[in-house]
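Here's the structure we're looking at; comments come further down.
The values are calculated or read from the model by the stated rules, or taken from the named source; none is laboratory data. Note that the coordinates shown come from a computational prediction; the quantities given were computed from them, not determined experimentally. Neighbour counts run over all protein chains shown; Cβ positions are idealised from the backbone, glycine included. All accessible areas refer to the heavy atoms of the entire protein, side chains included, with ligands and DNA or RNA removed. Shrake-Rupley method; radii C 1.70, N 1.55, O 1.52, S 1.80 Å.
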2 protein chains.
Amino acid sequence: MANPTIYDVAKAAGVGVGTVSRVLNNSTRVSPETQEKVLSVIQELGFRRSKVARQLSTGVQHRNIGAMLPYITPPSFVERLRGMQMALSHQDNDFNLILYTVSEPDRQHEQLLTIVDQSTVDGLLITTLNISDEERDLLKQAGIPFVILSDVFTGDTNGISTDNVHGGYLATQHLLQLGHRRVAYVGDELTNNYGIPTSDLRYKGYLSALAEYDIPVNADYVCLGMHGEETAHRLTRQLLTLPEPPTAIFAMSDIQAVGCIQAVRESGLRVPEDISVIGFDDVQLSRYVGLTTVRQHLEQSGYLGMQMLLDMLMTPGKVTPRHLPPLELVVRNTTQQYGLA
Amino acid sequence: MANPTIYDVAKAAGVGVGTVSRVLNNSTRVSPETQEKVLSVIQELGFRRSKVARQLSTGVQHRNIGAMLPYITPPSFVERLRGMQMALSHQDNDFNLILYTVSEPDRQHEQLLTIVDQSTVDGLLITTLNISDEERDLLKQAGIPFVILSDVFTGDTNGISTDNVHGGYLATQHLLQLGHRRVAYVGDELTNNYGIPTSDLRYKGYLSALAEYDIPVNADYVCLGMHGEETAHRLTRQLLTLPEPPTAIFAMSDIQAVGCIQAVRESGLRVPEDISVIGFDDVQLSRYVGLTTVRQHLEQSGYLGMQMLLDMLMTPGKVTPRHLPPLELVVRNTTQQYGLA
DNA sequence: TACTATTATGGAAGCGGTTCCACAGGTGAT
DNA sequence: ATCACCTGTGGAACCGCTTCCATAATAGTA
């Protein structure tokens, strides 16, 4: 039998459905023999009670919040996730947090459709993913409130965004203020697979800082590749072989910055004495390694996003907008005045 | 009205439930006027259709897997989580992954009860939490298969465990082999709040290695405190003020090892020239900072655990046991021969 | 012995949707 | 005028469980 129900069990055991249900909830007064028999039939038929039917009939309220992220590899997503989790546990209404990792950009739409179709979640938190107008409408239609944690300022009232251009500017300006003039940019392809323009935005900030200091852009100093430490490592090695290598590097993420630092050290140079390196994000790791970086309050963005979503779920229509603290330069030990060494 | 149903909507709109349902599924042939009216009533009543009722009647299979973890702060949990996620996405049956963070040890039992009561999940992955026999029975009774990723070898067939004693031995032995004789242990309280004896076990390994080399245990060299980088930092400072400070430190986790290294460097000493430091776990961070450590294949343990659970869910009764590769010493740049500097 | 509690059990009703079937009313072809 | 065929709609049946009520059988009490 495909999926036996309690009726099947009841029939096979020669008892009524009520009795089977009582056995299942190992509740009041069922005679030992009956219980025995029912249990054995359950075993035999491989019966498993339906979660939904049970929930419907008991009337449990059982709300799910979905968190969609591109992938959980980079620490920045983990930090946001942690923030979400915290916000959730601070209000102790029991929402479940369901994790959706969009492993491939192409599947994003499909995943979203499934979520809506099967009405899996009551609310959705979308992190750093491009979401089309069509998809927005889909969610609205289905009555699923959502909050977007974005890398671009979207003007959405239901969103929290980071000003990446400004962040890129801050990082670069810091290096320029220290007297560096040969400043490289190491980042992702300007628009990656997911259509997330984070690198592009931070790069724009880099450009505007250079412009402010009247420094022409040197194409050799702009190194793009896949996200990750290894790529950054490789790109940095290339930078160092230039006839006139940079004296400072702005890496668009802390992870990449770490890759840069390793490459610099491996080639016998010192950080920050010979080359300054600044990252972006301020993930946990950065504190550990003493990396100078731009803090974007990742954990807090997850926290606030979740709070907004909870608002929307608890009292539909009313959302208190939340704001992230401004980006912040965090100076540690990987940048230093030019020419000091 | 507390929770309006489609019947309420139907009555208020003066139509039949079928029509309301059709509107909700914006489906075939409903006259524009009717649709309009129904939608406005829905709006007015604040109607939201029940997820469960819908699922029951459409018969969607909608399976959830829960992952219970102590907290998501330490990277080691994140790595396991990533492994789980990967295993899940490799088989594309659509299971949802629900995250349960046990924020306080006391609440663990309560959370487990809720999960069982509300039959939220179809399977459970329990990471590094002590689970009582009573709780095991509870899950068995409820027919919820579970897999335990444990720090202790439990003999469970449905578990994956790490041999922490051996790991502690490996780490310490490595330092001893390098000629160190004054070797400190920096770790958590031997049994922490959650009743997880990880520190205790690794400490036992430490002891057995010392015994093998006939080195008496120096109580001053055993420093315990709360998990985390800061505590390790503080403990290490204390170690360095000893009349005869250690020449090598075994920190029970990579995070703590990083704290140790910072403290050493801040006090003007070098790692590994003056003091060797070895960690435990081999989280991502460790590769970045070049930490010598004991690799315990965290990501893979999450991966294998999830595979086992999926086995149990797909074909009840049949579980292919999975085994973790043995613990592995990973030598990087934070340990060195004693006296070489 | 007659009457009341108590215990074990069967089964109908209900949870809130979806879907199928029946049917009314209108259209167009014969 | 008759018939076949759409279109829009109402409502019963159903999804698989829990729970309450009714009832039979047994035990306890005066």
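Average projection, convex hull of the Cα set of the protein assembly as shown: 35.0 square nanometres.
Which of the peptides B:179-186, B:138-145, A:173-180 is most tightly packed, and how do the rest follow, judged by the mean count of other Cβ atoms within 10 Å per residue? Can you show the working numbers first?
Working: B:179-186: 22.6, B:138-145: 16.9, A:173-180: 19.8.
Top to bottom by mean Cβ count within 10 Å: B:179-186, A:173-180, B:138-145.
Rounded to the nearest angstrom and listed largest first, the equivalent-ellipsoid semi-axes of the range A:234-341 from its Cα gyration tensor are 38, 13, 10.
Spin-label model, A:Asp117/B:Ser57: points 7 Å from Cα along the beta carbon direction are separated by 1.9 nm.
Once you wrap a convex hull around the alpha carbon atoms of the range B:1-158, what is its projected area averaged over all directions, in nm²? Walk me through the numbers on the way to the answer.
Values: hull surface 52.4 nm².
Mean projected area of the Cα convex hull: 13.1 nm².
Which FRET efficiency, nearest 0.05, do A:Arg265 and A:Arg287 yield, Cβ-Cβ r, R0 25 Å? Between A:Arg265 and A:Arg287 the formula returns 0.85. Between copies, A:Gln35 shows label-point distances of 5.6 nm, shortest first, with the point placed 7 angstrom from Cα along Cα to C-beta.
Electrostatic tally near A:Val23: other residues with Cβ closer than 13 Å to its Cβ, Lys and Arg +1, Asp and Glu -1, net +2. Across the identical copies, the label point of B:Gly46 (7 Å from Cα in the Cβ direction) is separated from its matches by 4.6 nm, in order from shortest. Local charge for B:Asp282 was computed over the other residues whose Cβ lies under 11 Å away, with Lys and Arg +1 and Asp and Glu -1, and equals -2.
Both the radius of gyration and Dmax for the range B:97-149 are 10.1, 26 Å, in that order, over alpha-carbon atoms. Within straight-line reach of B:Lys140, meaning a Cα separation under 22 Å, sit the following lysines at least 8 residues removed in sequence or on another chain: A:Lys37, A:Lys51, B:Lys318. One equal scatterer on each Cα of the range B:205-254, no solvent, Debye formula: the resulting log10 I(q)/I(0) at q = 0.15 Å⁻¹ is -0.44.
Which GluC sites (Glu not before Pro) in the range B:212-282 pass both tests, a DSSP loop state and at most 12 other beta-carbon atoms within 10 Å?
Working: sites: B:Glu212, B:Glu229, B:Glu230, B:Glu266, B:Glu273; in loops: B:Glu273.
Of the GluC sites (Glu not before Pro), the ones in loops of the range B:212-282 whose Cβ has at most 12 other Cβ atoms within 10 Å are B:Glu273.
I'd like the antiparallel share, as a percent to the nearest 5, of DSSP beta bridges with both residues in the protein assembly as shown.
Details: 9 of 71 bridges.
Antiparallel bridges: around 15 percent, rounded to the nearest 5.
Only protein heavy atoms count here, probed at 1.4 Å, and on that basis chains B and A bury about 4300 Å² of accessible area in total. In the range A:285-316, the residues whose accessible area drops by at least 20 square angstrom when the other protein chains are added to the isolated chain are A:Leu285, A:Arg287, A:Tyr288, A:Val289; the probe is 1.4 Å and only protein heavy atoms count.
So what's chain A giving for Rg/Rh, alpha carbon basis, Kirkwood Rh from the mean inverse pair distance?
Numbers: Rg = 27.0 Å, Rh = 23.1 Å.
When Rh is taken as the Kirkwood radius, the ratio is 1.17.
In the range B:49-106, the ratio of gyration radius to Kirkwood radius, Rg to Rh, stands at 1.10 when only Cα atoms are counted. When both the range A:289-311 and the range A:168-225 are represented by their alpha-carbon centers, they are found 23 Å apart. Using the Cβ-Cβ distance between A:Asn193 and B:Val222 with R0 = 45 Å, the FRET efficiency computed as 1/(1 + (r/R0)^6) comes to roughly 0.35. For B:Asn93, the distances from its label point to the matching points in the remaining copies are 3.3 nm, ordered from shortest, with each point set 7 Å beyond Cα toward Cβ. Size check on the range B:164-296: the Cα extents along the three principal axes, sorted descending, read 36, 33, 25 Å. When the square roots of the Cα gyration tensor eigenvalues are ordered a ≥ b ≥ c, the ratio a/c for the range A:6-58 is 1.5 or more and a/b does not exceed b/c, which makes its shape oblate.
Principal axis extents of the Cα atoms in the range B:169-243, from largest to smallest and rounded to whole angstrom, are 33, 28, 18.
Sequence-distant contacts, meaning Cα pairs under 8 Å at least 6 residues apart, place the relative contact order of chain B at 16 percent.
Pop out the carbon and sulfur fraction of the accessible area of the protein assembly as shown as a percent, whole number, probe 1.4 Å. Answer for the protein assembly as shown: carbon and sulfur cover 50 percent of the accessible area. Spacing of the modelled spin labels on A:Ala211 and B:Arg136, each 7 Å from Cα toward Cβ, amounts to 6.7 nm. Distance distribution P(r), the range A:71-167, all Cα-Cα pairs, bin width 5 angstrom from 0: 2, 11, 21, 25, 23, 14, 4, 1, 0 percent. Between A:Phe153 and A:Thr315, the C-beta separation translates, for a Förster distance of 30 Å, into a calculated FRET efficiency of about 0.70. Over chain A, accessible surface divided per residue gives 44 Å², non-protein components excluded, 1.4 Å probe.
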